[in-house]
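Enquirer: Mind having a look at this structure? Questions to follow.
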Amino acid sequence: MKNNKIMVGIVGGILFLLYNIIVFTFATDRTSVFWSAYLFTLLAFAIQVIVFMMLYKRNTTAHDMFFGIPLTTISILYFIVQIIAGTLFMVFSDISLRVTNISQIVIFAVYLILAISALIAKNTVENISEKTKERILFIKLLENDIVSMKNRVSDPALHTRLSSLSELIRYSDPMSHPSLSLLEQKISNKISLLSDKVEVVKADELNEMFDEIESLMADRNRKCKILK
């Protein structure tokens, strides 16, 4: 990631240098229209740097990069449009300064609207993603607890019941719901109690507990379907 940042920085620096060399070599009639176009184009360059630094900071994950693609695309498109517009204004420098400024302000305003929309969408999707992770955490933790118990017991009968319970949990609805919190807490408590007894109590003495947990899981799965 660090090497990619350096490479992008070098490419950006080369493009900025080339742009300035070309502009100040061929644009000899440096009117107020020229400077307006030049300054707006510098702003477009600066925005690319800001967007890059904002989206690809040190702790950026692949997830962040993926959801930052729309904003990056919009920023690059704005940059291309501003380069084209700025070049045209420099070539046709007899255009009114007012027209030049208004045109570039409109381009910049459109970019800001699209960029803000992309950021809102990015934040919304990330919030949904985080909530989804939280809502599927319950099943993952239960399954982990059952696997841990299976690794601790040697009784074949217990191992069979735990395997059956593990399958039930694995194929249960992964999405939780706030209204299921009490039921899920009850299931968690039962499994915690089972974990405490599984190594010291015989399998036939735990059958009732297994049956109760399986019944609670079935109840949860039915309610999950209703709540969808």
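Here, each number is a calculation from the coordinates, and none is a lab measurement. Bear in mind the structure is a predicted one, so any value in this text is a computation, not a measurement. Every residue, glycine among them, receives a Cβ derived from its backbone with ideal geometry; neighbour counts consider all protein chains shown.
Enquirer: Which value, in debye to the nearest 20, gives the size of the charge dipole of the chain about its Cα centre, when Lys and Arg are +1 and Asp and Glu are -1 at the Cβ?
Expert: For the chain, the charge dipole is close to 600 debye.
Enquirer: If you don't mind, there's one more thing I want to ask. Taking region 97-228 on its own, what percent of its Cα-Cα pair distances exceed 22 Å?
Expert: Here the long-distance tail beyond 22 Å is 52 percent of all Cα pairs in region 97-228.
Enquirer: One quarter of the convex hull surface, Cα atoms only: what value does that give for region 153-227 in nm²?
Expert: For the Cα atoms of region 153-227, the hull's average projected area reads 4.7 nm².
Enquirer: Can you tally the net charge around residue 182? Count Lys and Arg as +1, Asp and Glu as -1, for every other residue whose Cβ sits under 14 Å from the Cβ of residue 182.
Expert: The answer is +2.
Enquirer: Let me ask something additional. With Cα Rg over 2.2 N^0.38 Å defined as stated, name the option among [x] 1.44; [y] 1.76; [z] 1.06 computed from the structure displayed.
Expert: After the calculation, the listed value that fits is [y].
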